[in-house]
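Okay, structure first, notes after.
The values are calculated or read from the model by the stated rules, or taken from the named source; none is laboratory data. Please read these numbers as outputs of a predicted model, since none were measured by experiment. When we count neighbours, we look across all protein chains shown, and the Cβ atoms used for this are built from the backbone with ideal geometry, even at glycine.
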Amino acid sequence: MPGTATMIGEKPGDEEKEVVRPPLVLNKRTMGWISSYISSIVEERTPTWWWVSMGVTVPMTLMCLACLAYLVATGVGVWGNNHPVGWAWDITNFVFWIGIGHAGTLISAILFLTRQKWRTSINRAAEAMTLFAVVCAGIFPAFHVGRIWMVWFLAPVPNSNGIWQNFRSPLLWDVFAVSTYFTVSVLFWYTGLIPDLATIRDRCTSKIKKFVYGVMALGWRGGNRQWRHYEAAYLILAGLSTPLVLSVHSVVSFDFATSVIPGWHTTIFPPYFVAGAIFGGFAMVLTIMIPACALYKPLHDLVTVNHVDKMCKIILLTGSIVGYAYLMELFIAWYGGNPYERAAFWYRAVGPYWWAYAAMMFCNVVAPQLFWFKYFRTHLLWVWIIVQFPNMGMWFERFVIIATTLSRDFTPSAWGMFHPTWVDICTFAGTFGLFTTLFLIFIRFLPMICMFEVKAVLPEADPHHGEARH
Amino acid sequence: MKKIPAHPPRDVRPGLWRSLRELGNDPEFARHLEAEFPRGAELYEESGLSKRDFLKLMGASMALAGVGLTGCRRPEAHLVPFTKGVEWTIPGKFLYYATAMPTRTGAVPLIASTTDGRPTKLEGNPLHPFSNGGTDGFAQAAILDLYDPHRAKSFTDKGKTTDAAAFDAFLQSVGQGGGKGVAFLVEKKNSPTRDRLRAEVERNFPGVLWAEYEPLGDSEAEAAAAAAFGPGTRLLPKFDRADVILALDSDFLNPIETGIGYAAGFSARRNPDQMGAPMNRLYVVENHFTLTGGMADHRLRCRVSDLGEFTRRLAAAVARRTGDPEIASILGACPKAEVHFDEAWITACANDLLANPGRSLVLTGPQTPAAVQVLVHAINSALGNLGSTLLGVVTPAPAAATITDLAKAMASGAVETLFIFGGNPAYNAPAELGFAALLPGVPDVVRLGLFEDETSKLARWHVPAAHFLESWGDARTYDGTYTTIQPMILPLWGGISELDILAKLLGSAAPGGPELVRATFESLVTGGAVSTAGGPDLLWNNVLRVGFLPASGFAPTPLNFSAAAAAPLAEKAGPAPGGLEIVFLQSSSVDDGRHANNSWLLETPDFVTKLTWDNAVLVSPATADALGIRANNFGKFEEIAQKLGNEIDYDLVADIVEITDGKRAIQAAAIVAPGHADDSLSIALGFGHKGVTALMEDVGFDAYPLRTAASPRVASGLSLKVTGRTYPMAQTQEHRSMEGRDLVREGTLDRYHGNPAFAQKMGMDAHIPPNISLYTHPALTSAEQWGMTVDLNTCTGCNACVVACQAENNVPVVGKAQVRKNRDMAWIRIDRYFAGEPDEPEMLAQTMMCQHCENAPCETVCPVNATVHSEDGLNLMAYNRCIGTRYCANNCPWKVRRFNYFDYNQRPLDQLYWGPLARKGMADSLKMAKNPNVTVRMRGVMEKCTFCIQRIEDAKISRLVEAGPTPKSETPISPFKVACQQACPSDSLVFGDVADPKSRVSQLRASGRGYTMFKYLNASPRVTYLARIKNPNPKMPGADKVGMANGTPHGGHGATHDPHNPAEAHQ
């Protein structure tokens, strides 16, 4: 808990040796500097680059919305989906985005519970990214259905037909899992925002801003009672979020794992999907944090190379888990002796979609191995370039699992290829516009770094700060 | 405005009262009366708001609210009942009438189902002697032709719309002219009424030229039979008596070649379990894969040009053994040719035929040159088959001139008025006649046709033809049975029939269709030996009722082969061998082009190539290599995958080739066809229409320009060059190989006798551990449990079931671009696999529809419970509940579920992508074709085979009626058939109650040949396949490879190859 935590690694017998940990905040930045700098990002005049970026991303967002409108007005056929590939880019994109949405809550909740202090400078942005990724993800399952106007059939509302949902269907579990995850993530994120919103409110000069931030800050005064309630609420939400991080992608993987289709029907999917999601999520956090810090240079004192280094290590770890899962799948397909299973993996590797499989293997398994080298983990440009591979690779992974599996399953007479249409491509590209637009709005109007938590990891926050060491 | 119902003022002494309280009319009662009606109702009375005020206020508010919303009114619609009850009609019930579809070989006897006076479905007439109740795809699709909105709808004179009266006046003037220069060009029809009217026309107008033309006619067969056996002789093969059959370029199992009836006789003898007679054995010699070739026990690829030499050598082998003098004398007349054949094949085949004298049968196709036909007759004669497996009848059809004779007369200017009934000679006449160029030289050309096609454009008059379901007629089926054609509906667009025109030409005052046909019938009955007991009216009505006149077949005649008369024919050399040949095929989609506007048929895949919406030049893999024709023009990624050991055959992009005979050339896409003869090409006729209807544009390639009258079957001495241009093609099935999976299971007769249950333990099925389920399934409680068996031994893959399902279940058409995107909507499909070497493969057909799994993978994954199981074992689709996640289709191992990606029923096929801008709604006439008992599905909804639930429910409801007050369980459901089963000409589909051990389906399911697919998934399908059994002749070359599509038997299960390695399974 901020302010009361002791340094990890301080053991009773180590009194003689001073443990030197790299500082989490560089350049001896003070509490005041942190508040004023982070708030200034929100308070200053809107920079030109922001307008330029919005000029790109807003039209992309509109393109996405236009594509969706066209889809609803015309039919799912405007995408390339067909028989046998009933799911293609739609569900690929869904799993891709929902996977990205894992890093934020993981950083916020699991690293919070495990007292990883370095999380404090990245958790806010990562959580925001989670929410925006889940928003992008939600578009696809909602719009991929043939009759979106009937999609409320998925909700367990009593109706005159007396028909309930099919609780055996993993797709229904998915609806519940994703909506729960989104709700809890929003609450978690917003709860963490409250003290900082109050800070901004207090610094506001215009009345309108003061009112708006004041409403959003929910009357936060920073009193002791409020902090106590806050700490308890945050801990509870962290506890709630932690299993959700694991459950959402496990449930998403059940969409495939509980089916009978060779290549889908496998028990390895839940852990493999979760590892992949963390892998892809961290890559996306780095993808957006590195440019954000480049734009606001002083942020490098808060989001340090040390942070980047740690995240790269996580990417290396989870990427290797994913690589292990790929190899294990191949091994089990061979060892299991089921000819359909063998064929499915054979076709993945050397079938008509071999290039997607090769791209997945290279991007997810080979490329991150560069992170064994400290140079690549600490050189920000290299990091940014390398994490694009997991970003792409995780999309290819989902494409390989979904589209290529369906294109060749049990009955060769029904085999067929999937080709994306311009609507597929524009919708997917448009979700990046939406994601970036939301993120730009976020950094413009909300403190993108959790001020009070960063302050808590400053040396000055230590109650024993300044005391002579023995 | 609700008014409080004030009680009427009362008399002091009421005459009638309903209660004592009313009599008293006390205040409490008045209050009670008030309380009956909604609170506040009385306020309207006392509010001071007059009706006028109210209307003003309401009007103003409506006007305000309605600004800009005035278009949001629901359109007014009326449901108008019949003002008079229609005789026999019970709302919601079909009425059935017997009729027939005329074909070039006779007629397909039919039963038409009609609803509210419109026919919606055609079934085979099971009572007819030349039918087993089956139909072909063309008959099934005839309904769509009837309602086709592209049909010609008006009389035109020199391109201007006119009316029937003007045409009548014209006919009168022709009649008054004495018939000078009058000629007729008609399609071949065995219609006694037309023959009768023709005789009258010829009597009234001497010098009339009556020509008949069929692009796919059987004039060669007729000529040969006439020479060999006497004029008018027709041979009727009796497949049920034949143990060994040799088909030489004959696709006799294809119902479209000879009409229905052959497949039934053949399939009856194809049963390995039959008592008293051996299973038949089929040898086929052909240049391209046909349905018959797919069923063959031994198949030899042979160029059509070399067929004469093959037959000569076979005849020589027969002659050597039998010493038959007739065959020897014919052989003496036959020219020889230098062609290489596998002599062992010929010898072993001849020996097998000779070992079965009188029980064998040699057949050849109707267009095989007469020279070859007489050799075949000689072989049959030497084998003693005449009179046993081949019966002779005499057809009384009068002789007619050919189109060549007509063209000569036209060129000489002798023809002034030409009546063209049906056909399309401007498009399909033999190329050397230049018929289209001759037509403008004839002053008055009258064209009677369903469509304003190429010929109509060159004619003075176009007369809209009545469809056979709109007009009276008659026909003799192939065996001669007199069959009536009665209309089901008045002509939709005022069309008339050729009988009407002939009768008007003869000056009959307002002749009606029924009178014309009945007059023929009377003459037949009074002139013939048919008993008229009960009076002619009763007999006529009975004939109309059953659709045919019993025992009215052609007169049988003994067959005596006359070598002397046949020898001159045999001397005529066939087409010159050598060089590249092209064989002209009957299209499975458009026949000779007559169904070119039928979208059901265009979208029904070809039996063998699985092509839709196109035809193509077929070429063997070796010849394709030699000529530089690529199997597919796809990208680099696919090429690499192929190098990695995959068979990649998706998204066919074919090379366009140019084929020329020196004078004329055609351009067409070429595809590589496994099992095709080398140095030979094949192309289906009837495609490549230009400027007729929007639907026909850019559909296929016209092959008629290479076809001559002298050699209708084949053109030789051609050259081919690859143009370098490519053409995308739409196939419903792209992959050819079973990939070592035991989907279609087959074995030889020996293997079956050794282990009758061999098919149940093939491949993976031999390794399945006992199933222990953690989950108890809900019991299926209904007394009836529906299931189906598919006999792969008799299923030829003829598509009749596919089109029948489309007609019955309102399955939409999606168009070529959508088929290319794998979005075809067919609920039943025929999977076709090739096994073995690409040059000499086996072809296997497997009818595939929803398997109605008891433990269905689709049902568990639907999030909204839109697909569920019924108590009688059906896998149901609740369309209204479906939101279209497509999860069920993904999880279906058979991939039989179909998703409506666009509003295929509502949007024109060329406007699918236009969204709300597309024209909405289908043509009114097409709405009439829909089965009223089946939902027309909208977009975004999954659909699939329902086992024709509408027929099941109909039968169950009928049982309730039948059972009356007795418990329904005591009343059996009267037998009924599902649509695919009813259409199947070879009886391979059997549907019924699997809970009843006595039912046919139960007995077939219990057969040793019965197996279910993907057994290890434990889905428990309700569709059981019966393994295909081959009957190879062990002495034939390559006999060891017959029936080995699943590998040779070893160690208790069926594979020597490693089925686990798909790379190895590729051939």
Give the residues of the range B:940-964 that are modelled with pLDDT of 90 or more, part of a loop (DSSP other than H, G, I, E, B) and in contact with a Ser or Thr (Cβ under 9 Å, 6 or more places away or on another chain), sorted by residue number.
B:Lys944
Residues in the range B:597-637 that are out of contact with any helix residue (DSSP H, G or I) (no Cβ under 6 Å at 6 or more places or on another chain) and within 14 Å of chain A (Cβ to nearest Cβ): how many?
8
Looking only at the range B:890-903, filter to residues that are in a loop (DSSP other than H, G, I, E, B), touching a residue at least 60 places away in the same chain (Cβ under 8 Å) and not aliphatic (A, V, I, L, M); which one of those is farthest from the other protein chains (Cβ to nearest Cβ)?
B:Asn900
From the set of residues in the range B:869-889 that are of a type in the set (D, E, K, R) and at the interface with chain A (Cβ under 7 Å from one of its Cβ atoms), which is farthest from A:Phe153 (Cα to Cα)?
B:Arg886
Among A:Thr437, A:Thr427, the single one that is closer than 24 Å to A:Ala128 by Cβ and over 17 Å from the mean Cα position of the chain (by Cα) is A:Thr427
Could you tell me whether B:Gly384 is among the small types (Gly, Ala, Ser) and in contact with a Pro (Cβ under 6 Å, 6 or more places away or on another chain)?
yes
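Name the single residue that is surrounded by the most Cβ atoms within 10 Å (Cβ to Cβ) among those in the range B:965-988 being in a helix (DSSP H, G or I) and within 30 Å of the chain's Cα centre (by Cα). First the steps, then the outcome.
Applying the first criterion (in a helix (DSSP H, G or I)) to the range B:965-988 yields B:968-970, B:979-983.
Of the ones still in play, those that are also within 30 Å of the chain's Cα centre (by Cα) are B:979-983.
Numbers: B:Ala979: 29, B:Cys980: 27, B:Gln981: 25, B:Gln982: 25, B:Ala983: 31.
Residue satisfying both the conditions and the ranking: B:Ala983.
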Only residues that are farther than 18 Å from B:Asp678 by Cβ and modelled with pLDDT of 90 or more: list them for the range B:610-632, please.
B:Lys610, B:Leu611, B:Thr612, B:Trp613, B:Asp614, B:Asn615
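Can you name every residue in the range B:738-752 that is within 17 Å of B:Pro278 (Cβ to Cβ) and either of a type in the set (A, V, I, L, M) or assigned to a loop (DSSP other than H, G, I, E, B) (or both)?
B:Leu749
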Given (1) within 30 Å of B:Tyr904 (Cβ to Cβ); (2) modelled with pLDDT under 95; (3) more than 14 Å from chain B (Cβ to nearest Cβ), number of the condition A:Leu65 does not satisfy:
(2)
Look at the range B:377-397 and say how many of its residues are under 30 Å from the mean Cα position of the chain (by Cα) and not in a strand (DSSP E or B).
4
Pair list, Cβ < 6 Å and 6+ apart or interchain, from the range A:150-177 residues that are without any contact (Cβ under 8 Å) to a residue 12 or more places away in the chain and facing chain B (nearest Cβ under 9 Å) to residues that are in a helix (DSSP H, G or I) and surrounded by 20 or more Cβ atoms within 10 Å (Cβ to Cβ)
A:Ser169/B:Val861
Which number in (1) within 14 Å of another protein chain (Cβ to nearest Cβ); (2) modelled with pLDDT of 90 or more marks the one condition that B:Ile640 misses?
(2)
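Looking only at residues in the range B:874-889 that are assigned to a loop (DSSP other than H, G, I, E, B) and touching a His at 6+ places or on another chain (Cβ under 9 Å), which one is surrounded by the fewest Cβ atoms within 10 Å (Cβ to Cβ)? Even if it seems obvious, please write down each step before you answer.
Going through the range B:874-889, the residues assigned to a loop (DSSP other than H, G, I, E, B) turn out to be B:874, B:878-886.
Those still in the list that are touching a His at 6+ places or on another chain (Cβ under 9 Å) too: B:874, B:884-886.
Values: B:Leu874: 22, B:Gly884: 27, B:Thr885: 29, B:Arg886: 27.
Taking the candidates together, the pick is B:Leu874.
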Counting only residues that are part of a loop (DSSP other than H, G, I, E, B) and either more than 14 Å from chain B (Cβ to nearest Cβ) or over 26 Å from A:Ile98 (Cα atoms) (or both), the range A:372-408 contains a total of 2
Do the conditions hold for A:Arg124, that is, is it within 14 Å of chain B (Cβ to nearest Cβ), among the charged types (D, E, K, R) and either buried (at least 22 other Cβ atoms within 10 Å of the Cβ) or not in a helix (DSSP H, G or I) (or both)?
no
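Take the range A:128-149 and flag every residue that is among the β-branched types (Val, Ile, Thr) and more than 9 Å from chain B (Cβ to nearest Cβ).
Looking only at the range A:128-149, we keep the residues that are among the β-branched types (Val, Ile, Thr), and these are A:130, A:134-135, A:139, A:145, A:148.
Those that are among the β-branched types (Val, Ile, Thr) and more than 9 Å from chain B (Cβ to nearest Cβ): A:Thr130, A:Val134, A:Val135, A:Ile139.
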Among the candidates B:Ala866, B:Ala856, B:Ala817, B:Ala826, single out the residue that is more than 9 Å from chain A (Cβ to nearest Cβ), more than 25 Å from B:Leu909 (Cβ to Cβ) and not charged (D, E, K, R).
B:Ala856
Out of the residues in the range A:343-371 that are over 14 Å from B:Asn646 (Cβ atoms) and either within 8 Å of chain B (Cβ to nearest Cβ) or polar (S, T, N, Q) (or both), which is surrounded by the most Cβ atoms within 10 Å (Cβ to Cβ)?
A:Asn364
Evaluation of B:Tyr283 against (1) assigned to a helix (DSSP H, G or I); (2) modelled with pLDDT of 85 or more (one fails), failing number:
(1)
Looking at B:Gln846, is it part of a helix (DSSP H, G or I), within 8 Å of chain A (Cβ to nearest Cβ) and either under 19 Å from A:Ser169 (Cα atoms) or touching a Leu at 6+ places or on another chain (Cβ under 9 Å) (or both)?
no
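Run down B:Ser267, B:Ser219, B:Ser250 and say which single residue is of a type in the set (Ser, Thr, Tyr) and either surrounded by fewer than 23 Cβ atoms within 10 Å (Cβ to Cβ) or more than 23 Å from the chain's Cα centre (by Cα) (or both).
Numbers: B:Ser267 fails: either surrounded by fewer than 23 Cβ atoms within 10 Å (Cβ to Cβ) or more than 23 Å from the chain's Cα centre (by Cα) (or both); B:Ser250 fails: either surrounded by fewer than 23 Cβ atoms within 10 Å (Cβ to Cβ) or more than 23 Å from the chain's Cα centre (by Cα) (or both).
Result: B:Ser219 is the single residue among B:Ser267, B:Ser219, B:Ser250 that is of a type in the set (Ser, Thr, Tyr) and either surrounded by fewer than 23 Cβ atoms within 10 Å (Cβ to Cβ) or more than 23 Å from the chain's Cα centre (by Cα) (or both).
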Among residues belonging to the range A:253-305 that are assigned to a helix (DSSP H, G or I), closer than 17 Å to A:Ala103 by Cβ and of a type in the set (Val, Ile, Thr), point out the one that is nearest to the other protein chains (Cβ to nearest Cβ).
A:Val274
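Is it true that A:Trp49 is under 21 Å from A:Thr304 (Cα atoms) and assigned to a helix (DSSP H, G or I)?
Numbers: under 21 Å from A:Thr304 (Cα atoms): no; assigned to a helix (DSSP H, G or I): yes.
So A:Trp49 fails the test.
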Hey, can you tell me all the residues within the range B:904-922 that are touching a helix residue (DSSP H, G or I) at 6+ places or on another chain (Cβ under 8 Å) and either surrounded by 13 or more Cβ atoms within 10 Å (Cβ to Cβ) or within 7 Å of another protein chain (Cβ to nearest Cβ) (or both)?
B:Tyr904, B:Arg907, B:Leu909, B:Asp910, B:Gln911, B:Leu912, B:Tyr913, B:Trp914, B:Gly915, B:Pro916, B:Ala918
Out of the residues in the range B:1013-1051 meeting the condition of being more than 14 Å from every other protein chain (Cβ to nearest Cβ) and at positive phi, tell me which one is surrounded by the most Cβ atoms within 10 Å (Cβ to Cβ).
B:Gly1043
Which residue, of B:Leu418, B:Leu506, B:Leu490, is surrounded by 21 or more Cβ atoms within 10 Å (Cβ to Cβ) and out of contact with any His (no Cβ under 6 Å at 6 or more places or on another chain)?
B:Leu418
